[in-house]
1. Roughly how large, in nm² to one decimal, is the mean projection of the convex hull of the alpha-carbon atoms in the range 14-139?
2. Skip the ligands, DNA and RNA, and give the accessible area per residue of the range 32-121 with a 1.4 Å probe, whole Å².
3. Summarise the accessible area of the range 55-141 (1.4 Å probe, protein heavy atoms) by the percent that is carbon and sulfur.
4. L97's amide H: which non-local residues (gap 5+, or another chain) put their own amide H closer than 5 Å, with H modeled 1.01 Å from N in plane and none for Pro or chain starts?
5. Near D44, within a Cβ-to-Cβ distance under 13 Å, what is the net charge of the other residues, with Lys and Arg +1 and Asp and Glu -1?
6. Taking 7 Å along the Cα-to-C-beta vector as the label spot, tell me the K135-I22 distance in nanometres, rounded to one decimal.
7. How many nm is it between the label spots at D44 and Y113, if each spot is 7 Å from the Cα in line with the beta carbon?
8. Taking the mean number of other Cβ atoms within 10 Å as a proxy for protection, how do you rank 54-60, 122-128, 39-45 from highest to lowest?
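The values are calculated or read from the model by the stated rules, or taken from the named source; none is laboratory data. As the structure is a computational prediction, the values presented were derived from the model and not from experiment. Ideal geometry is used to build each Cβ from the backbone, glycine not excepted, and the neighbour counts take in all protein chains shown. Just the protein is used for accessible areas: all its heavy atoms, side chains included, with ligands, DNA and RNA removed. Shrake-Rupley method; radii C 1.70, N 1.55, O 1.52, S 1.80 Å.
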Amino acid sequence: MIIAATGGNMWASLVVVFGALIIVWGGTYLFQRWQMHHYATVIDEDQFARGIHKAQVVDVRQDNDFRKGHILGARNIPYAYLTQQYSELRKDMPVYLYDAGTTAVIQAARVLYKHGYRDLYILAGGYLEWHGKTKKDKYAD
């Protein structure tokens, strides 16, 4: 009887822990979605491709990823360096941001927004889902 009670408590504890993890994950996901839409406008690939020639396109991935392939016309300012290099971007032109997915780009949009940039756009799905023109450094690994 003691074993059954202990086993029952163990399952109850696991359910509580699992439930808490789901709540934390869900909260984090919702908070990231809120940040993404608060600091920038999320646009699809077609919208991104149509506006690319009238905007500053910034790839916030690491340099080695950028050299392996990036959207044609993009410049590389890795998120880690954005706090020092944001002033290289013009505030009077739209800034189109992307990364591999959407994690770093949300933080990049937040940094730019806090420095007065308001015309910010994020590529939905990031580079991994981009089907448009790309460029690859001929010396990339």
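1. Working: hull surface 36.5 nm².
Averaging across all directions leaves 9.1 nm² for the Cα convex hull.
2. Details: 4600 Å² over 90 residues.
In whole numbers, the range 32-121 has 51 Å² accessible per residue.
3. Heavy-atom surface of the range 55-141 belonging to carbon and sulfur, 1.4 Å probe: 47 percent.
4. Residues meeting the amide H criterion: V58, Y121, I122, L123.
5. So the environment of D44 carries a net charge of -2.
6. 4.8
7. The modelled label-to-label distance comes out at 2.3 nm.
8. Highest mean packing first, the order is 54-60, 122-128, 39-45.
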